Amino acid sequence: QVQLVESGGGLVQPGGSLRLSCAGSGSLFRLYFMGWYRQAPGKQRELVATISSGGSANYVDSVKGRFTISRDNAKNTVYLQMNTLKPEDTAVYYCNTAGGTRLVWGQGTQVTVSS
């Protein structure tokens, strides 16, 4: 069973940056169409960025130009570089597949943007 472990969250001031990592397991991880999701308190989980196995990326409008998703298939890891963070980016961030069946969700990593 593929496991997902997110890390890299923290407390950052508005305008700051963070880099999130998602480590997956299994030999097929490199083939998965992956995404970063976030869930703010009282809100539904939303998909904010996706990346294909070949590295093609897409973003929701609210993060376009500020977030960059990437992956290192040799390390079974997907990244989310977040720049120019805003208070509304505060949420628990998760990674998972972005197409087909979801894997078991990891614990997520908390990102808090506050002065």
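Taking (1) in contact with a strand residue (DSSP E or B) (Cβ under 6 Å, 6 or more places away or on another chain); (2) without any contact (Cβ under 8 Å) to a residue 12 or more places away in the chain in turn, S27 satisfies each apart from (1).
Could you check, for segment 59-71, whether at least one of its residues is modelled with pLDDT of 95 or more and under 20 Å from V104 (Cα atoms)? Within segment 59-71, one or more residues are modelled with pLDDT of 95 or more and under 20 Å from V104 (Cα atoms).
If only residues of segment 1-23 that are open to solvent by less than 30 Å² (accessible area, probe 1.4 Å) and of a type in the set (V, I, T) are counted, the one that is nearest to N73 (Cα to Cα) is V2.
Within the bounds of segment 19-36, is there any residue that is over 12 Å from Y94 (Cβ atoms), of a type in the set (D, E, K, R) and not in a loop (DSSP other than H, G, I, E, B)? Taking every residue of segment 19-36 in turn, at least one turns out to be over 12 Å from Y94 (Cβ atoms), of a type in the set (D, E, K, R) and not in a loop (DSSP other than H, G, I, E, B).
The values are calculated or read from the model by the stated rules, or taken from the named source; none is laboratory data. All figures in this text were calculated on a predicted structure; none of them were measured in a lab. So basically every Cβ, Gly included, is an ideal-geometry build from the backbone, and we count neighbours across all protein chains shown. Side chains included, ligands, DNA and RNA excluded: accessible areas come from the protein's heavy atoms. Shrake-Rupley method; radii C 1.70, N 1.55, O 1.52, S 1.80 Å.
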